[in-house]
Amino acid sequence: MSNPQEVIQKAKSNLKNWESKYPTKPGWMREWQALLDKDINEVIAVLENVDEHSIFLRSSSPFAGLISPQQRWTILREQRKS
C-alpha cells in the first residue's frame with residue numbers, strides 16, 4: 001500500500017473490526033478514530049513523535065498488519081542505523 005488514503009482506510013477498518021472485541025471503546029480507540037479523520041500530517045506526527053502519549057497510542061496501533069514482518073524489521077534496522 002503506497003497510497004496514504006488506502007493506509008488510513010485500512011487502519012479505520014482495523015478499528016472497526018476491533019469494536020467487537022472492545023464494545024465500550026477504550027480511550028485509545030476513540031483517539032485513533034478521531035485522529036484518522038484529521039489531516040494526514042497529524043497522523044504522521046503521532047507515528048513519528050517520541051513523546052509519552054504518542055508512544056502510548058502506538059502501543060495499540062490500528063496500522064498493524066499493513067506491512068509484512070520482514071518489511072517491519074527492515075524499517076527498524078534502517079531506523080537504528082540513522
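Report the FRET efficiency, 1/(1 + (r/R0)^6), for ILE55 and GLU6, where r is their Cβ-Cβ distance and R0 is 22 Å, rounded to 0.05.
So, using R0 = 22 Å, E works out to roughly 0.30.
List the lysines whose Cα lies under 22 Å from the Cα of LYS38, skipping any in the same chain that are fewer than 8 positions away.
Straight-distance partners of LYS38: LYS10, LYS12, LYS16, LYS25.
What is the angle, in °, between the Cα long axis of helix 69-81 and the longest principal axis of the Cα atoms in the chain? Nearest 10 is fine, range 0 to 90.
Approximately 60 degrees, to the nearest 10.
Using just the helices of the chain, give the 222 nm mean residue ellipticity in deg cm²/dmol: DSSP H runs with n ≥ 4 each add -39,500 (n - 2.57), and the total is spread over all residues, rounded to 500.
-20000 deg cm²/dmol
Read-outs: derived from the displayed coordinates by stated rules, not from any lab. This structure is a prediction, so every number in the text was calculated from the model and none was measured. Glycine gets a Cβ as well: all are built from the backbone with ideal geometry, and neighbour counts include every protein chain shown.
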